[in-house]
Structures are given as structure tokens and as C-alpha cells.
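Asks: I'd like to ask you about the structure that follows.
Throughout, read-outs are computed from the coordinates displayed, never taken from laboratory work. Computed from a predicted model, the values in this text were never measured in an experiment. Cβ: placed from backbone, ideal geometry, glycine included. Neighbour counts: every protein chain shown.
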Amino acid sequence: MPKHKTPAGPKPTLQEQLPELRPGQSIALLQELHILTREGKLNQDTRRKLKQVYHLVQFIEPLLAEVLAARGDVTLADHGAGKSYLGFILYDLFFKDKPVGRVTGVETRAELVEKSKALATQLGFARMDFLATTVQQALTDPALPATVDVVTALHACDTATDDAIQFGLAKQAHHMVLVPCCQAEVAGVMRQHKALSLSRTPLAELWRHPLHTREFGSQITNVLRCLQLEAHGYSVTVTELVGWEHSMKNELILARRMDHDRHGARERARQRLQQVLDELHLNDLAQRFAV
């Protein structure tokens, strides 16, 4: 007997495929970013990226709204922008329908910057800029204003997160939103002084083995970054970006500039920062985490 095919049910809608899809999100943008195919179907390979960006947007939107309400305008600089997923989606969801506000993507790879410029023009995102430069060079780039309200760095590798922090400090950013990536500099210095540390404290067992040196070095790097921000007058919150099934580089650092130094918090953070550098024999990096 020939088998009868079961009638196919209705194809799932895009909203059913991607329940977290935001209202008003441009389908054309998602297609250009290759999150959706030309037929409007979900590209599973980039779904994780979209979930990460959406999760980050939930943290950033209230900060943008807060600055906009306070001063009637808002600027955002996104460092290590890559293909500018974050910048484009923020512009589409927050900036597009407002008469003010500007997003600048900073990326070293010129070919990605040119593609982003072309896409912004195609979509009519007039208040988006892109600079093919390093974070350090962006500090003195005349295309950027003297102050920037919100600084973001999503998976900025190695010391690029530190450069983004320096940029935020120099530009007097009200908020910094940082998702650090691999950082080998601190671990390298710890390896150089490992024998001395092992002779002085049993806590050096935390980084005696090479794998632990790398992991502990990454952890202490972010601790030092938080202390540095606090010593410069920022209130710091550390949380997860998304679930571990989506990204192993999962730490999210949120820094808010405080108008007042409550109870000497800045000096306490500065002292604690120096104590950690001393204890772990990391004074070679005093300039990197200078206050």
C-alpha cells in the first residue's frame, strides 16, 4: 500500500521562529546582516549573535534614554565594532525615530568599515558614522566629539577593552558597557614572577599551572579594570551577558559615572588596586591600570 504523506502544517512565522524579535525591527536590516535569509527565514548560524546583541541592547537602551532625557541628545561610540551588529540594531530600535542622537562605530578593519558605511547609507541611517582606526587613535580623531555619553566594547580582544576604558575616561563617558574578551598580558606577567609568588604565598597555587595562569590572569584583569573604573569615580556592576550555552566570554561590566565621591570610595578603590598589583607582582602593569 502506498504511504500517504501527512499534510504539511503552516510554516512558522518569523515571530514564532524568533520569539525575542523586537517590535519595529527592520527586516531589511536583519537580512543585510545575514541574520535572516533573503526569503526571510532565520539563519541559525547567526541566531546566537542576535540573542547576545538583543540581550546587550536591553542594558544599553535605558542608559541612552536616561542621557537623552537629561540633556536632550545622546552619543554612543562602539569600539571593536566588527560588522557593527550592535550599532545597527541600536540605531534601528532606539535612534532611528528620534531627531537627535549619533552612533559611531570604531573598527580597525577598513573593509568592514566601508561595508558598514554603505549599509548605513542604503538604510537611511544618517546619524551613523564609522571610523577605520584603533581605539587609541580614536581619542584624537577630529570626527569624534570632545565628550561621548555611552561607550561600548563587545568582545574587544586582549587590551582593546583597556583602550576602550581609557577612551571612556578621556571622553568623560556617563556610561561604559564592556564585554571583555581574551586577555593575555596579565597572565604573561604572572608567569614571569611565578617562582617568586610561589615562594611567598600559598595563594600562588591559584595560578601555578599554565591553564590556571591563563584563566586566573583573565579573571584578575577584569577585577583590576573594575577597580580602575571605581577609582575614577564610576559605580560598577558585573553580571552575565547571556547564558553559558551562547558564549564562554560572558562577563558584562557596566560602569556609571557618579557625580559625587561617596565616603572616599575613589581613594579606597585606588588603594585596593595598588594592593592587588603589589600582591600579585603586577607592578609592571601599573601604567596600564593607572589612576
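Asks: Could you check what % of the DSSP bridge pairs in the chain are antiparallel, to the nearest 5?
Replies: Of those bridges, close to 40 percent are antiparallel.
Asks: Something else about it: Quickly work out the HIS263-to-ALA146 label distance, labels modelled 7 Å from Cα along the C-beta direction, and quote it in nm with one decimal.
Replies: About 3.6 nm, to one decimal.
Asks: Calculate the tail of P(r) for the range 31-183: the fraction of all Cα-Cα distances greater than 24 Å, expressed in %.
Replies: 28 percent
Asks: Convert each backbone phi in the range 176-185 into a coupling constant with the Karplus relation 6.51 cos²θ - 1.76 cosθ + 1.60 (shift: θ = phi - 60°), then list the ³J(HN,Hα) values in order as whole Hz, x for Gly and Pro.
Replies: 10, 10, 10, 10, x, 10, 3, 9, 9, 4
Asks: In addition: If you wrap a convex hull around the Cα atoms of the range 59-140, how much volume per residue is inside, in Å³?
Replies: 92 Å³
Asks: Leaving out same-chain residues fewer than 8 places away, which aspartates and glutamates sit with a Cα under 17 Å from that of LYS41?
Replies: Hits, sequence-local ones excluded: GLU16, GLU20, GLU32.
Asks: Relative to the longest principal axis of the C-alpha atoms of the chain, give the angle of the C-alpha long axis of helix 160-170, reported between 0 and 90° and rounded to the nearest 10°.
Replies: So the helix axis and the longest Cα principal axis differ by about 80 degrees.
Asks: Please give the peptides 103-110, 257-264 ranked by average Cβ packing (other Cβ atoms within 10 Å per residue), highest first, as a rough proxy for protection.
Replies: 103-110, 257-264
Asks: Per the Kirkwood definition applied to all pairs of different Cα atoms, how many angstroms is the hydrodynamic radius of the chain?
Replies: 20.9 Å
Asks: While we're looking at this one, here's another question. Could you give the distance between the Cα centres of the range 265-279 and the range 69-136, to the whole Å?
Replies: So the two Cα centres are separated by 36 Å.
Asks: Listed here are the pairs LYS98/LYS171; LYS49/LYS98; LYS83/LYS117; which of them are more than 20 Å apart at the Cα?
Replies: From the list (LYS98/LYS171; LYS49/LYS98; LYS83/LYS117), the Cα-Cα distance tops 20 Å for LYS98/LYS171; LYS49/LYS98.
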